[in-house]
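What follows is one structure encoded as structure tokens, with my remarks underneath.
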Amino acid sequence: MARNPCLIRAEQHMASDLTSSDYTILPGGASLRRRDLVFVVNPRGANGTTVQQWKKLLPYVRSRLGNDCNICESLTSGPSHAVDITREAIREGADAVIAVGGDGTLHEVVNGFFCGGKPVCNHDMNSSHSTALGIIPLGTGSDFARTLGWKNDPRDAIERIAKGLKFKIDVGCIAGEIGESHYFINVADIHLSAKAGYYASRYKKFGNLCYVIGALQAFFRHHNQDLRMKVDEGEWEVCSQVTALCIGNAKYFGGGMKITPNANPSSGDYEVVILQDFKWYDFVLKGHKLYNGTHLSVKNVSSRRARSIEIEEIGSSGSIYVQSDGEFLGFLPRKFSILPASSEGNLELVVDGSGLVDRALVVDTIKDDFQRSYFVTGNLTLDAYEENCEFADPAVRGLGGEGDWSLAFQLYTVISMEAHSFSNWLYRILFR
């Protein structure tokens, strides 16, 4: 039986109990309904620092939003409580449910938007009203916010909420052999990375270092595994010696690792990245590429697009880990499908209306293309460019002339960026 959420209200009313205080009086006597915002806070997030940061932020929230909104602060009391809070808030007609914390809290709030395989609806079934998802990034990880190009600044997040504009996003759905479907908006992954995430969750008190500790523990007795998969309802195919398989609706996981660099949460499909036959030393030598998103050109790394993918183990060990958005879900087999942003009743994200979501993704993609040396390899993401965009090779201007110097400068820049990325990765390992 679902628990009743513990609501500590900064204003008195929810949407289902509207009185005169639920309206803002405009000049001339016109009235505008106040928005109902529910802030879901995990008091144990980031070893208690999340709730401390939230308490400092709350006066600013009230001063910035209190004139136009009913503000409800809701503290979770344990695992899955944020799911219950979100479902009740949506049924009561809240305008937005805001996840305050890291990706763990966000993950639970996202799952609260669905129940029994369907989107949760307002009690007033005839109403066109919908509840949006908001994010205030606090805690150990804010990987989904990174994809959107948002800074880890809670005041910026409050400004987005104040503007109240919405942007539809895709939602990943995971189905197992039994039990209820599970939902995610960031990255789902299988085998080594999922096992590392499972162990990392035990060491959250160490901050981002927990991901390194989890990875080291996961390597112990790890074996690459043959898997069978079916993409977009096609034929079953064998994927041999899989080290990790990542299904990205967004780009980052594991505290800033750009594992699915071409993923876009409004594209209508996943980016699936597969690492095969990796040894421990491959991660030492190529780990910086995983962090900066340039690993798709590495040997034994492949990428493909998919709207759905079924994955099962070849064999019967029953020990191939599965996680999504950093939360352990169990073991294979699993089926991953996507609920596209264009589908009815899908999730809406609170944004600032500046075009930041689209612009950040495009700029990020163009940077990724340059880091992959697209002018040498031809490996680039064409969707990021206009159809009539012209790509000029500066080296064709003349041998021994300006072209040679231009090409040499570009190659020098790529090498410098790779060296800088490696040093950043090494710094993360040693000091974070």
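Could you tell me whether Lys195 is open to solvent by 10 Å² or more (accessible area, probe 1.4 Å), assigned to a helix (DSSP H, G or I) and closer than 19 Å to Ala46 by Cβ? Steps first, answer last, please.
Details: open to solvent by 10 Å² or more (accessible area, probe 1.4 Å): yes; assigned to a helix (DSSP H, G or I): yes; closer than 19 Å to Ala46 by Cβ: no.
No, not satisfied.
Could you tell me whether any residue of the stretch 19-36 is outside any loop (DSSP other than H, G, I, E, B) and modelled with pLDDT of 90 or more? Give the derivation first.
Applying the first criterion (outside any loop (DSSP other than H, G, I, E, B)) to the stretch 19-36 yields 20-25, 31-33, 35-36.
Going one step further and asking which of them are modelled with pLDDT of 90 or more, we end up with 35-36.
Looking for residues that are outside any loop (DSSP other than H, G, I, E, B) and modelled with pLDDT of 90 or more, one finds at least one in the stretch 19-36, hence yes.
Inside the stretch 237-255, can you point out the residues that are open to solvent by 10 Å² or more (accessible area, probe 1.4 Å) and either in contact with a Cys (Cβ under 7 Å, 6 or more places away or on another chain) or not hydrophobic (A, V, I, L, M, F, W, C) (or both)?
Glu237, Ser240, Gln241, Tyr252, Gly254, listed by residue number.
Search the stretch 207-234 for residues being assigned to a helix (DSSP H, G or I) and buried (at least 16 other Cβ atoms within 10 Å of the Cβ), and hand back the single one that is modelled with the lowest pLDDT.
Tyr211
Across the stretch 60-80, what is the total count of residues that are open to solvent by less than 10 Å² (accessible area, probe 1.4 Å) and part of a helix (DSSP H, G or I)?
Adding up the residues that qualify gives 2.
Give me the residue from the stretch 134-170 that is at pLDDT 90 or above and in contact with a Ser or Thr (Cβ under 9 Å, 6 or more places away or on another chain) and, out of that set, farthest from Pro59 (Cα to Cα).
Top of the filtered list is Asp170.
How many residues does the stretch 82-132 hold that are farther than 21 Å from Leu165 by Cα, of a type in the set (Gly, Ala, Ser) and touching a His at 6+ places or on another chain (Cβ under 9 Å)?
Qualifying residue count, the stretch 82-132: 1.
Can you name the residue in the stretch 277-286 that is at pLDDT below 95 and not aromatic (Phe, Trp, Tyr) and, of all such residues, is most open to solvent (accessible area, probe 1.4 Å)? Step through it out loud before you land on a result.
Start the filter on the stretch 277-286 by keeping residues that are at pLDDT below 95, which leaves 279-286.
Restricting the remaining residues to those that are not aromatic (Phe, Trp, Tyr) gives 279, 282, 284-286.
Details: Lys279: 77, Asp282: 20, Val284: 70, Leu285: 113, Lys286: 50 Å².
Applying the filter and picking the extreme gives Leu285.
Restricting to the stretch 300-331, give me the number of residues that are open to solvent by less than 60 Å² (accessible area, probe 1.4 Å), among the acidic types (Asp, Glu) and either over 24 Å from Gly104 (Cα atoms) or in a strand (DSSP E or B) (or both).
So the answer is 3.
Six or more apart or on different chains, Cβ atoms under 8 Å: show the pairs whose first residue is in the stretch 97-116 and farther than 9 Å from Val83 by Cβ and of a type in the set (Ser, Thr, Tyr) and whose second is open to solvent by less than 10 Å² (accessible area, probe 1.4 Å) and assigned to a strand (DSSP E or B).
Qualifying pairs under 8 Å: Thr105/Val40; Thr105/Val41; Thr105/Ala99.
How many of the residues making up the stretch 244-269 are part of a strand (DSSP E or B) and under 12 Å from the mean Cα position of the chain (by Cα)? Reasoning before the result, please.
Looking only at the stretch 244-269, we keep the residues that are part of a strand (DSSP E or B), and these are 244-248, 253, 257.
Add one more test, that the residue is under 12 Å from the mean Cα position of the chain (by Cα), and what stays is 247-248, 253, 257.
Residues in the stretch 244-269 being part of a strand (DSSP E or B) and under 12 Å from the mean Cα position of the chain (by Cα): 4 in total.
Inspect the stretch 187-206 for any residue being more than 16 Å from Gly104 (Cα to Cα), in contact with a Lys or Arg (Cβ under 7 Å, 6 or more places away or on another chain) and of a type outside the set (Ser, Thr, Tyr) and give the result as yes or no.
no
All but one of (1) in contact with a Gly (Cβ under 6 Å, 6 or more places away or on another chain); (2) modelled with pLDDT of 90 or more hold for Ile274; which doesn't?
Here Ile274 clears every test but (1).
Any chance you could count how many residues in the stretch 43-59 are open to solvent by 80 Å² or more (accessible area, probe 1.4 Å) and in a loop (DSSP other than H, G, I, E, B)?
1
Quick one: would you say Ser266 is out of contact with any Asp or Glu (no Cβ under 7 Å at 6 or more places or on another chain) and either at pLDDT below 95 or open to solvent by 50 Å² or more (accessible area, probe 1.4 Å) (or both)?
On the way: out of contact with any Asp or Glu (no Cβ under 7 Å at 6 or more places or on another chain): no; either at pLDDT below 95 or open to solvent by 50 Å² or more (accessible area, probe 1.4 Å) (or both): yes.
It is false that Ser266 is out of contact with any Asp or Glu (no Cβ under 7 Å at 6 or more places or on another chain) and either at pLDDT below 95 or open to solvent by 50 Å² or more (accessible area, probe 1.4 Å) (or both).
Of the residues that sit in the stretch 129-165 and are under 14 Å from Pro265 (Cβ atoms) and in a strand (DSSP E or B), which one is least open to solvent (accessible area, probe 1.4 Å)?
First, pick out the residues of the stretch 129-165 that are under 14 Å from Pro265 (Cβ atoms): 133, 135, 143-150.
Within this subset, residues satisfying the condition of being in a strand (DSSP E or B) are 133, 135.
Numbers: Leu133: 0, Ile135: 16 Å².
Among them, the one singled out is Leu133.
The values are calculated or read from the model by the stated rules, or taken from the named source; none is laboratory data. Not measured: the values here are computed from a predicted model. Virtual Cβ from ideal backbone geometry, glycine too; neighbours counted across all protein chains shown. Just the protein is used for accessible areas: all its heavy atoms, side chains included, with ligands, DNA and RNA removed. Shrake-Rupley method; radii C 1.70, N 1.55, O 1.52, S 1.80 Å.
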